[in-house]
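Below is one structure, written out as structure tokens; comments come after it.
What follows draws every value from the coordinates through simple rules; no lab data is involved. Not measured: the values here are computed from a predicted model. Backbone-built Cβ (ideal geometry, glycine too); neighbour counts: all protein chains shown.
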Amino acid sequence: MRSKVQPLSPILQQVYDSIVQCDRCPRLRDYCRGIGETRRRAYQDQTYWSRPVPGFGDPRARILILGLAPGAHGANRTGRPFTGDGSGAFMYPILHELGLASQPNGVSRDDGLKLRHAWIASVVRCAPPGDKPLPQEVRNCATHLADEIEALPRVRVVVCLGKIAFDGYLAHLLQMGVIDRKSAYRFAHGAEYVLPNGIHLLATYHPSLRNTNTGRLNGPMFTRIFLRARELAGLDR
């Protein structure tokens, strides 16, 4: 049952239901269910979500934060993006500091966390083995992203967390006829583009532990991305 902490509009509720019930990728569904049955030792007493993970946040969001996929023992366990894993532990304090999240931690989908002016989603809604979805699995999930974006008409800025999210969003733009070719947009941390439809596209390294623990991505770097996102979304006027 979905948490009622942050109510959804009727159209976002339809998108939510469609994502949760999706079974287009048998490999991913089998993997997520298997992870939920074996469980990590620290979570042996918990019931894993083990279903596709829908986005969450403010239905009036001006900033869309787009990640890769649920973590096997993070969102696949908790049922909410970047919740209960190291990436979320890095990201939510920064979103909170910038006024985009109501609290600095996210541990479960019923912990009271709310987003302000932001919506968080991913290009793939099931945890993939090795964090590497197959190209067809990314394509299978594309309609979920398209439906979610359509249901968020106030979005002015898209922040892509990592290259796979960046490429997935470009594929969406190409499919929708917003851009003519993806090659005009290159991923790099801090890359910024104004799209033909007026949306601002920002890119950052993904806040995964392999990036944050090695110093490839640190707090000030990530903070600057979201300060710029706030500015471009008109939240600092």
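Quick notes on this one:
- Cβ-derived FRET efficiency at R0 35 Å, residue 216 paired with residue 142, nearest 0.05: 0.80
- When the Cα gyration tensor is reduced to axis lengths a ≥ b ≥ c, the ratio a/c is 1.5 or higher for the stretch 1-85, and with a/b above b/c it is classed as prolate.
- Alpha-carbon centroids, the stretch 126-182 and the stretch 8-41: separation in whole Å: 17
- When the inverse distances between all different Cα atoms of the stretch 108-214 are averaged and flipped, the Kirkwood radius reads 15.1 angstrom.
- Note on residue 20 and residue 103: the extension gain reaches 27.3 nm, defined as 0.36 nm multiplied by sequence separation minus the Cα-Cα distance.
- Three-way shape call for the chain based on the alpha-carbon gyration tensor, with the a/c threshold at 1.5: rounded
- Sites matching trypsin sites (Lys or Arg not before Pro) across the stretch 178-209 that sit in DSSP coil, with at most 10 neighbouring C-beta atoms within 10 Å: 181
- Measuring r between the beta carbons of residue 236 and residue 30 and using R0 = 30 Å, the FRET efficiency lands at 0.05.
- Per-residue 3J(HN,Hα) values for the stretch 125-135, derived from phi via the Karplus relation 6.51 cos²θ - 1.76 cosθ + 1.60 with θ = phi - 60°, read 9, 10, 5, x, x, x, 6, 10, x, 6, x Hz in sequence order (x marks Gly and Pro).
- Applying the Karplus relation 6.51 cos²θ - 1.76 cosθ + 1.60 with θ = phi - 60° to the stretch 53-59 yields 3J(HN,Hα) values of 9, x, x, 8, x, 8, x Hz, where x marks Gly and Pro.
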